[in-house]
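The values are calculated or read from the model by the stated rules, or taken from the named source; none is laboratory data. Predicted model, so just to flag it, every value in this text is computed and none were measured. Here Cβ is always computed from backbone atoms with ideal geometry, including for glycine, and neighbour counts include all displayed protein chains.
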Amino acid sequence: MPISHVAQSSSKPVGPVSSALQPEVDRYFHERAGVWKQYYEASNLKSHIYQARKDRVLAWIDELGLPPGSPVLEVGCGAGFTTLCLAQRGYDVTAFDSVSTMLDLTRQAAADFGLQNQVRTALGDVHQLQFRDGEFQLVIALGVLPWLHSPQVAIREIKRVLKPGGYAVMTVDNAWRLSYVLEPTQCPPLRGLRGAVSRSLRALRLRSSPPDAKLSRRHSPQQLDHALKATGFTKLQGATVGFGPFTFLDRPLLSEANGTKLHQKLQAWADQGVPLLKSMGSHYVVLAKVQQQQR
């Protein structure tokens, strides 16, 4: 099943984000730029999950041992936290985003840390990157593919701008994350009932529609793996990261502190390879390498 479909049901995939919604996606991120910045600075459960994802990616990159000065592209740089970490490691980083507000935050953060000479910014569309073929040694796209109308096109573009043997790190929102499986309004087997349940909850004012509900999509780890392989990547590492929030009928079951503790415990078990649990984190993260043509 191509990544342009969403694995909310193994038999009835849902189409990708419509291209007509892409301006609305950009507007959503523009209006919430400050909120996304807080995700990496706060100490609540959601922030811990995003920070754990970033730390996992940086640990994998450190293991690659890329030389200082290596050209790196971060697609969807957001507020620039990962970009700064890469610049601090001595890489020549291009921070790319479709939202100018995010680039403003990234430039300001780079200046605050004295890294403005190692960070450049670029505004554009990941479906049509304005960079040369083979320009980068590493491309990172964290939390980008779920918001795109054509993620497979974006993956091809990422491969195009990578050098032969270059690396990419990408993520998708896991369609089979534990918090979805446990939540009656999200569980894939109840897909046919989800709409009726959601409407009833909203009518009773027990649930509000999340602002990003129609703008992002979820994919299974297998879908991303297949998309990368079909595009000419070899998977090197793969893991799911983040557990929570823990809710029932969209109501929190645990305090932020207890939810964070449970997330950390489940993550430790997942990292140890506990069956099923290792595949049920909130985000699926992959490190892949461009396949080199054999002579």
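For the stretch 37-45, the condition of being at pLDDT 95 or above and under 19 Å from the mean Cα position of the chain (by Cα) holds for none of the residues. Just so you know, in the stretch 283-295 the residues that are in contact with a strand residue (DSSP E or B) (Cβ under 6 Å, 6 or more places away or on another chain) and part of a loop (DSSP other than H, G, I, E, B) include one that is surrounded by the most Cβ atoms within 10 Å (Cβ to Cβ), and it is Gln291.
All conditions in (1) of a type in the set (Gly, Ala, Ser); (2) assigned to a strand (DSSP E or B); (3) more than 26 Å from Val153 (Cβ to Cβ) hold for Ala111, with the sole exception of (2). Summed over the stretch 81-99, residues that are surrounded by fewer than 24 Cβ atoms within 10 Å (Cβ to Cβ), polar (S, T, N, Q) and in contact (Cβ under 8 Å) with a residue 60 or more places away in the chain total 1. State yes or no: is Val72 among the β-branched types (Val, Ile, Thr), over 30 Å from Lys261 (Cα atoms) and surrounded by 19 or more Cβ atoms within 10 Å (Cβ to Cβ)? The answer is yes for Val72. If the condition is being polar (S, T, N, Q) and in contact (Cβ under 8 Å) with a residue 40 or more places away in the chain, then the stretch 232-271 contributes Thr234, Gln237, Thr240, Thr247, Thr260, Gln264, Gln267. Within the stretch 223-281, restricting attention to residues that are among the hydroxyl-bearing types (Ser, Thr, Tyr) and in a helix (DSSP H, G or I), the residue that is farthest from Val172 (Cα to Cα) is Thr260.
Taking the conditions exactly as written (modelled with pLDDT of 95 or more and within 13 Å of Cys77 (Cα to Cα)), does Val161 satisfy them or not? Taking the combined requirement at face value, the residue does not satisfy it. Checked against (1) of a type outside the set (A, V, I, L, M); (2) part of a helix (DSSP H, G or I); (3) closer than 27 Å to Thr231 by Cα; (4) modelled with pLDDT under 80, Gln8 meets all criteria but (2).
Looking across the stretch 139-164, the residues that are assigned to a strand (DSSP E or B) and out of contact with any helix residue (DSSP H, G or I) (no Cβ under 7 Å at 6 or more places or on another chain) come down to Leu162, Lys163, Pro164. Scanning the stretch 123-139 for residues that are among the hydrophobic types (A, V, I, L, M, F, W, C) and either under 25 Å from Trp60 (Cα atoms) or at pLDDT below 95 (or both) returns Val126, Leu129, Phe131, Phe136, Leu138, Val139.
What do you reckon, is Gly78 of a type in the set (Gly, Ala, Ser), out of contact with any Leu (no Cβ under 7 Å at 6 or more places or on another chain), at positive phi and surrounded by fewer than 18 Cβ atoms within 10 Å (Cβ to Cβ)? Taking the combined requirement at face value, the residue does not satisfy it. Counting the residues of the stretch 152-176 that are surrounded by fewer than 22 Cβ atoms within 10 Å (Cβ to Cβ), closer than 25 Å to Gly281 by Cβ and in contact with a His (Cβ under 8 Å, 6 or more places away or on another chain) gives 1. For the stretch 124-133, the set of residues classified as closer than 14 Å to Ile155 by Cα and either free of Cβ contacts under 8 Å to residues at least 24 places away in the same chain or touching a strand residue (DSSP E or B) at 6+ places or on another chain (Cβ under 6 Å) (or both) consists of Val126 only.
Tell me, please, whether a residue that is modelled with pLDDT under 95 and farther than 30 Å from Val72 by Cβ can be found in the stretch 212-229. Yes - at least one qualifying residue is present in the stretch 212-229.
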